[in-house]
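**Q** Have a look at the structure that comes next, please.
The values are calculated or read from the model by the stated rules, or taken from the named source; none is laboratory data. Note that the coordinates shown come from a computational prediction; the quantities given were computed from them, not determined experimentally. Here the Cβ positions follow ideal geometry from the backbone for every residue, glycine too, while neighbour counts run over all protein chains shown. To get the accessible areas, we keep the full protein, side chains included, count just its heavy atoms, and leave off ligands, DNA and RNA. Shrake-Rupley method; radii C 1.70, N 1.55, O 1.52, S 1.80 Å.
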Amino acid sequence: MRNLFLLILSLFGLFSCKPKSETPPNIILIMADDLGYGDISCFGSDHIKTPVLDNMATEGMKFTDYHSNGAVCSPTRAALMTGNYQQRAGLEGVIYAQLDKRMFGISDKQKTIAEFFKEAGYTTGAFGKWHLGYKPEFNPTRHGFDEFYGYVSGNVDYISHLDGAGLYDWWHNTDTCYDKGYVTDLITDHALQFIEKNKDRPFLLYLPHEAPHAPYQGRNDKAYRLPGKDNRPQESQSEMKRAYKEMVEIMDENIGRVFQKLKELGLDKNTFVFFCSDNGATKMGSNGMLNGFKGSLWEGGHRVPAIAWYPSKIAAGKQNKTTVLSMDLLPTLLSVAGIPIQSKLDGVDFSGTMFGQKQLDERPVFWRYRNQWTVRKGDWKYLKIKDNEFLFNVKDDLGEQQNLIKTNAEKATELKALLEHWDNEMNQYKQQTN
Ligand SMILES: [Ca+2]
């Protein structure tokens, strides 16, 4: 009798299909490389013009307290892909291009965002920079992406597609590919083809741009890296700044092509787009009023621009002040797509803060990189660099100028205890999984 009842229930489930208007949304995640908090006009740049991203913010939601999980490229990508602190994926530092340093890569033990989406019936594609390992077993197509087009190292020459070790690094899935063209244009061309091919079924498109990471090359500049030699000219600071501006503006133009394609195909009503950066700017760019640069745990190393766009569900022109990190995108994007998730993750779903439903509970979040540690909880940030300790109220003092470590020892003690607990947890996890 009970079985019959369950059968009727499950049949009821089968026939109560969602109406067509509720087909799962497409998800597009666009990430810039080394783009700083002050590098686009809607985040205050006075000389780089980014009309497409500005419009995305006008029609969507700008995040003022979004952080990359890492202060450099690979760790952030590991956290983004797995929804966990990068330490759990075994990637705390950058994966370098030198041949004797190519053994590292994303762990098989962690399920990726692409694997979650694929299991739910999505088609998945990655177009651009991977930077999660060179070996074939680290390739995106082995970690849930149906299609990969781009490069696996930390950066390639925008014209010749040679990596930092002077080796050719341009791929379609696991095969070397000999396309000619400027990286930012090429990855967009292929991403647009992916959208076309999958316009009738839900897709996850991950579009990690190279811009504005070095080498600093505009669309019409010469290749620096040629087989067997590095032809990098002795460039002036102003020449590199000129290229940097152009690189961000070309990326913006290409993001515009993605929005145009969505409109052309009538997908703009049912596609959620998120834009972010993977760490703060180098001295070539701008982190606005923030202290520090890429590689540091001062705010300039990890507080970066982020924008969400989903006109059918996100009210236009809103600002979101919630503290969120790269690792939160996995549970958030799954939630936007209506995909339930059972796994226990470090990242949390912040979709409620975008759709005006609910705020996140206050939680501590952590970073460690080389000899720097930091914890953030609410308005407070404790930072340790070697043996130097700092405490800032980042709401009142975003530029981290007033060290309150001596005047608010109680808060510092509370945050230090949280940090030590997390640090131990990450170390134990490392020991257990190695
Ligand atoms: Ca980066």
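**Q** Ratio of alpha-carbon Rg to the 2.2 N^0.38 Å globular estimate for the stretch 72-150, to two decimals, please.
**A** 1.03
**Q** Ok, one more. When the Karplus curve 6.51 cos²θ - 1.76 cosθ + 1.60 is applied with θ = phi - 60°, which whole-Hz ³J(HN,Hα) does each residue of the stretch 340-352 get, with x for Gly and Pro?
**A** x, 9, 9, 4, 8, 10, 6, x, 10, 6, 9, 4, x
**Q** Would you kindly compute the Cα radius of gyration of the stretch 104-147 and its largest Cα-Cα separation (Dmax), both in Å?
**A** In Å, with Rg to one decimal and Dmax whole: 10.1, 30.
**Q** Kindly provide log₁₀ I(q)/I(0) values, in the same order as q = 0.11, 0.15, 0.16 Å⁻¹, from the Debye equation applied to equal alpha-carbon scatterers of the stretch 127-263.
**A** -0.40, -0.74, -0.83
**Q** Another question, then. On the full set of protein chains, 1.4 Å probe, figure out the accessible area of MET61 and give it in Å² to the nearest 10.
**A** Rounded to the nearest 10, the figure is 10 Å².
**Q** Also, I was wondering about something else. When only C-alpha pairs under 8 Å and at least 6 residues apart count, what is the relative contact order of the chain, in percent?
**A** About 23 percent, as a whole number.
**Q** Quick one: dipole size for the stretch 141-212, taken about the Cα centre, charges +1 on Lys/Arg Cβ and -1 on Asp/Glu Cβ, in debye to the nearest 20.
**A** For the stretch 141-212, the charge dipole is close to 200 debye.
**Q** Roughly how many percent of the accessible protein surface of the chain is carbon and sulfur, given a 1.4 Å probe and a whole-percent answer?
**A** For the chain, the apolar C and S fraction of the accessible surface comes to 52 percent.
**Q** What does the convex hull of the Cα atoms come to per residue for the chain, in Å³?
**A** 167
**Q** Still on this structure, please answer the following. Can you list residues whose amide H is under 5 Å from LEU35's amide H, if they're 5+ apart or on another chain and H is modeled 1.01 Å from N?
**A** Excluding prolines and chain starts, which carry no amide H, the hits are ASP278, ASN279.
**Q** If packing is taken as the average count of other Cβ atoms within 10 Å, what order do 218-224, 88-94 fall into, highest mean first?
**A** 88-94, 218-224
**Q** Just the number, please: Stokes-Einstein D of the stretch 356-403 in µm²/s, Kirkwood Rh from C-alpha pairs, 20 °C, 1.002 mPa s.
**A** Using the Kirkwood radius from Cα pairs, D works out to 181 µm²/s.
**Q** Charges only on Cβ, +1 for Lys and Arg, -1 for Asp and Glu: so what's the dipole of the stretch 69-209 about the Cα centre, in debye to the nearest 20?
**A** For this selection, approximately 400 debye.
**Q** Per-residue counts of other Cβ atoms within 10 Å, averaged by peptide: what ranking do you get for 249-257, 329-337, highest first?
**A** So the order, starting with the most tightly packed, is 329-337, 249-257.
**Q** Give the long-range amide H neighbours of ILE48: residues separated by 5 or more places, or on another chain, with amide H under 5 Å away, using H modelled in the peptide plane at 1.01 Å from N.
**A** For ILE48, no residues qualify.
**Q** Can you tell me how the stretch 97-208 classifies by the Cα gyration tensor, rounded, prolate or oblate, using a/c under 1.5 as the rounded cut?
**A** Oblate, since a/c reaches 1.5 and b/c is not below a/b.
**Q** Give the share of C-alpha pairs in each 5 angstrom bin for the stretch 338-434, from 0 to the last occupied bin, in whole percents, shortest bins first.
**A** 2, 11, 18, 20, 16, 14, 11, 6, 2, 0
**Q** How much accessible area per residue does the chain have, counting only protein heavy atoms and a probe of 1.4 Å, in square angstrom?
**A** 44
**Q** Go through the stretch 390-404 residue by residue and turn each phi into a ³J(HN,Hα) via Karplus (6.51, -1.76, 1.60, θ = phi - 60°); whole Hz please, and just put x for glycine and proline.
**A** Working through the residues one at a time gives 9, 9, 10, 9, 6, 6, 8, 9, 4, x, 6, 9, 9, 6, 9 Hz.
**Q** Let me test this: with uniform point scatterers at the alpha carbons of the stretch 21-173, what is the Debye-based log₁₀ I(q)/I(0) at q = 0.10, 0.13, 0.21 1/Å?
**A** -0.41, -0.70, -1.39
**Q** For the stretch 289-335, rounded, prolate or oblate, judged on the Cα gyration tensor with a ≥ b ≥ c (square roots of eigenvalues), a/c < 1.5 rounded, else prolate if a/b > b/c?
**A** oblate
**Q** ASP100: accessible area at probe 1.4 Å, nearest 10 Å²?
**A** 110
**Q** In addition: For the stretch 207-261 and the stretch 265-290, compute the distance between their C-alpha centroids and round to whole Å.
**A** The distance from the Cα centre of the stretch 207-261 to that of the stretch 265-290 comes to 17 Å.
**Q** For the stretch 190-282, what D do you get in µm² per second when you plug the Kirkwood radius from alpha-carbon pairs into Stokes-Einstein at 37 °C and 0.692 mPa s?
**A** The estimated diffusion coefficient comes to 210 µm²/s.
**Q** Now a separate question. Over the stretch 123-178, what portion of Cα pair distances is larger than 16 Å, expressed as a whole percent?
**A** Tail of the P(r) past 16 Å holds 32 percent of the pairs.
**Q** What's the percent breakdown of Cα-Cα distances in the stretch 319-391 across 5 Å bins, shortest bin first?
**A** Calculated P(r), rounded to whole percents: 3, 14, 22, 21, 15, 12, 8, 4, 1, 0.
**Q** Using modelled backbone amide H atoms (1.01 Å from N, in-plane), which distant-in-sequence or interchain residues come within less than 5 Å of ALA306's amide H?
**A** PHE63
**Q** In addition: Within the stretch 387-434, list the trypsin sites (Lys or Arg not before Pro) lying in a DSSP loop whose Cβ has at most 10 other Cβ atoms in a 10 Å radius.
**A** Qualifying residues, ordered by number: LYS406.
**Q** For a protection proxy built on the mean count of beta-carbon atoms within 10 angstrom, sort 235-246, 106-117 highest first, please.
**A** With the highest mean Cβ count within 10 Å placed first, the list reads 106-117, 235-246.
**Q** When we measure straight from the Cα of LYS101, which lysines land under 30 angstrom away, once same-chain ones fewer than 8 places off are left out?
**A** LYS109, LYS111, LYS129, LYS135, LYS180, LYS222, LYS229, LYS283, LYS294, LYS384, LYS386, LYS430
**Q** Oh, and also: Using a 1.4 angstrom probe and counting only protein chains, how large is the accessible area of THR323 in Å², to 10?
**A** Surface accessible to solvent at THR323 totals approximately 30 Å².
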